[in-house]
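Here the structure comes first, spelled out in structure tokens, and everything after it is commentary.
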Amino acid sequence: MRTKLRYGQVGGTLSAFIGGVHRKAIAINEQAELVAGCFSSSNPGSNMECGAHYGIEDSRIYPDYRTMAEKESVREDKIDFVVICTPNRFHYDVAKAFIEKGIHVVCEKPLCFKVEEAEHLCRLAEENNILFCVTYTYTGYNMVKQARELIGNGLIGEVVDVKAEYLQDWLMDEVNNAGSSEKKLSVWRMNPDFSGISNCVGDIGSHIEETVSYMTGSKVKRLVAMLDKFGHELDLNANMLVEFDNGAHGTFSCSQIAAGHYNGLAIRIFGTEGAVEWEQEHPDFLRVTLKGQPTQIYTRAAHTSGHALEMNRIPSGHPEGLTMAFANIYRTFADALLNRINGKDTDGKWDLDFPNAEDGLRGVKFINACVESSDKGSVWVEL
Ligand SMILES: NC(=O)c1ccc[n+]([C@@H]2O[C@H](COP(=O)([O-])OP(=O)(O)OC[C@H]3O[C@@H](n4cnc5c(N)ncnc54)[C@H](O)[C@@H]3O)[C@@H](O)[C@H]2O)c1
């Protein structure tokens, strides 16, 4: 009976943004150990430095992901899953390489560039019996899970409208400064070769789509989008009008030029009987208003139930955040993988409560639809 998993990572040198968050989140759960990696293929020094920092044997710090997939797959103590934290451009190839070697996958969003690639990954994962997680971070927050539970139980009646925004300002200088983005950290986001056909919608608009869909259980059916590029190749700001498969409507706005906003994801869901509202910068609280009644503030731990309560780690009033949200996703993923390895069923209500390849595919469709709509002069596009 296995109680601990082995994992490897592709991308995520010590100076990278999200790779380190993944490692810390996995470590919180104490369910998996980092034993292999290709943290950078272009900078061997950073690759070895990161591997050495985590005590990985030299022979398991690989120069590229193909060698890693090849060599790991034939080891008796091979990795159980790989964590992909490279820029978007590499997600498809890396995920495919590991799936084909029978290694389970956790991949950063957006899943890949093209809808056909995402469909292919879904098919491959299914055919090879691979557990595939796409780390849409915000689905891991306790209060987002609580919102899903309340809405699913019908507390606010039928959902009729969604207002969601994700506002940042880290690309403000670029509005009057086309072509100078090489000064910025994570500059690859503004380069279509690495980011894909969208920067802002791909990077943060995709989080809105997945988080709203997770909270409401409804999917975007069609949309109209207007993306602003301010002279750059890719978008820095976007506004979308959406229609969901249950007939509800909504507006999504995402921006990286919104002065004074750092990571302002805010989601307001309006139903026939009330509203549920959540803000990422105040993640431990949920604002719930029922028709004709004063607004209530639900607090993490104190007012959670179901999976949100199961995922609770520390008492109310001690703020949790991004790393813990990742840890929640990893806990469910690792539980499911251990169950599978140990021949146990995963048929409980929350056993597979993490974003999967199908969610990743929907995200890629969403990004492509936004760009297509905007390019055609803001026309309706079906997903
Ligand atoms: N879920 C979230 O909330 C969230 C947040 C930030 C970033 N992301 C996603 O995570 C990914 C990485 O973003 P980041 O901000 O950490 O970027 P980053 O530039 O900080 O890090 C990218 C890392 O990938 C490595 N790398 C690049 N190409 C590689 C290759 N072919 N093989 C191995 N390693 C390679 C680089 O050396 C670097 O360490 C992106 O897809 C991004 O969209 C998701």
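The values are calculated or read from the model by the stated rules, or taken from the named source; none is laboratory data. Values in this document were obtained by computation on a predicted structure and should not be read as measured data. The area values use the complete protein model at the heavy-atom level, side chains included, leaving out ligands, DNA and RNA. Shrake-Rupley method; radii C 1.70, N 1.55, O 1.52, S 1.80 Å.
Some observations on this one:
- For the chain, a Gaussian network of Cα nodes joined below 10 Å ranks 148, 60, 362 by mean-square fluctuation, and the top entry is 60.
- Ellipticity at 222 nm from helices only: DSSP H runs of n ≥ 4 in the chain, each -39500 (n - 2.57), divided by the residue count, give -10000 deg cm²/dmol.
- Cα-based shape type of the chain, given that a ≥ b ≥ c are square roots of the gyration tensor eigenvalues and the cut on a/c is 1.5: oblate
- Rounded Å value of the spacing that divides the Cα centres of region 286-353 and region 245-271: 22
- Distance between region 184-225 and region 101-148 - C-alpha centres, whole angstrom: 15
- Qualifying aspartates and glutamates (Cα of each under 15 Å from Cα of residue 145; at least 8 residues distant if same chain): 210, 277, 279, 284, 310, 320, 351, 353
- Counting heavy atoms of the protein chains alone, residue 374 has an accessible area of about 30 Å² for a 1.4 Å probe.
- Cross-linked pairs 114/219; 24/219; 163/349: Cα-Cα separations exceed 26 Å for 24/219; 163/349.
- Overall form of region 48-128: oblate. Here a/c, set by the Cα gyration tensor axes a ≥ b ≥ c, is 1.5 or more, and a/b is not larger than b/c.
- Tensor-based shape of region 131-173 (alpha-carbon gyration tensor, a/c under 1.5 rounded, otherwise prolate or oblate): oblate
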